[in-house]
Amino acid sequence: MAAPHKDRLLVVIPAHNEEPSLPEVLAPLLERGYQVVVVDDASEDSTASVAKKAGAIVLRLPVRLGAWCATQTGLRFGLERDVTTFVCMDGDAQHPARHIPQLLEEQERQQADIVIASDPERGGMLKQYTRRIFGIVSRTAVCDSTSGFRVMNRKVATLFAEEKISLFDYQDIGPLCLVREAGMIVSEYSVAFEQRKHGSSRVFDCFLSLVDYMLQSFVLVVGDVTLSSKNKTER
């Protein structure tokens, strides 16, 4: 698996009200010659115009769909073109562009279909334990399952772009379980994320959001494990 040519690599950034941080996010990506698509998730600020001015491709959603569906929009855009490798990252400047070559090298080294950029020490202890427990129980063996910083090949992007996966609210446990069930290779690579300078997490913005995430993930994990066990028994 050779490193992809930059013309066949697409960086997908879902963004909702990320006007303050986008210039910092986009500058190093565009300087390195990456194609970048910013999916404006019905922002109420100048996210779209800032991204367009910087030189990114901008797709605007008429209604807010959430980070996961916005990411799917970017993946579908790339799949309609000659893109073979997708880099997904957030628009809040937590994911440094300098780590992309390392993730691509890890993908090639492990012959992985998807590589998760992992910073398992980020967040409080509850969040850390939650991510690790769900990674173990779901058998994805991913420590930082909520990371939005990922490199994936066209095969994974095609799976993630399917309409049925739009039903997931989050991009972690559900889609990763489907990747595992499809027999694809998941790898994880440790990097240091930057601290968010503006806004707050759309997943963990308050205690109720964390509880909602944990409950939904628990249902997905238990349901997936039960279904997998049933299928193996029937075989």
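Just so it is clear, none of the values below were taken in a lab; they were calculated from the coordinates. A quick note: this is a predicted structure, and the numbers were derived from the prediction, not measured. Positions of Cβ are backbone-derived with ideal geometry, glycine not excepted, and every protein chain shown enters the neighbour counts.
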Once Ile165 and Arg81 are pulled to full extension, the length gained, defined as 0.36 nm per residue separation minus their Cα-Cα distance, is 28.2 nm
On the formula 1/(1 + (r/R0)^6), with r taken between the Cβ atoms of Val63 and Gln102 and R0 of 41 Å, the FRET efficiency rounded to 0.05 is 0.70
Residue by residue through the stretch 74-81, which ³J(HN,Hα) values in whole Hz follow from phi under the Karplus form 6.51 cos²θ - 1.76 cosθ + 1.60 (θ = phi - 60°), with glycine and proline marked x? x, 5, 5, 4, x, 5, 6, 10
Which listed residue (Leu10, Ser21, Gly66) has the Cα farthest towards the positive end of the charge dipole for the stretch 1-76, taking +1 on Lys and Arg C-beta and -1 on Asp and Glu C-beta about the Cα centre? Leu10
Taking θ = phi - 60°, what integer Hz values does the Karplus form 6.51 cos²θ - 1.76 cosθ + 1.60 yield along the stretch 101-116, in sequence order, with x for Gly and Pro? x, 5, 5, 5, 5, 5, 4, 5, 5, 8, 6, 8, 7, 9, 10, 9
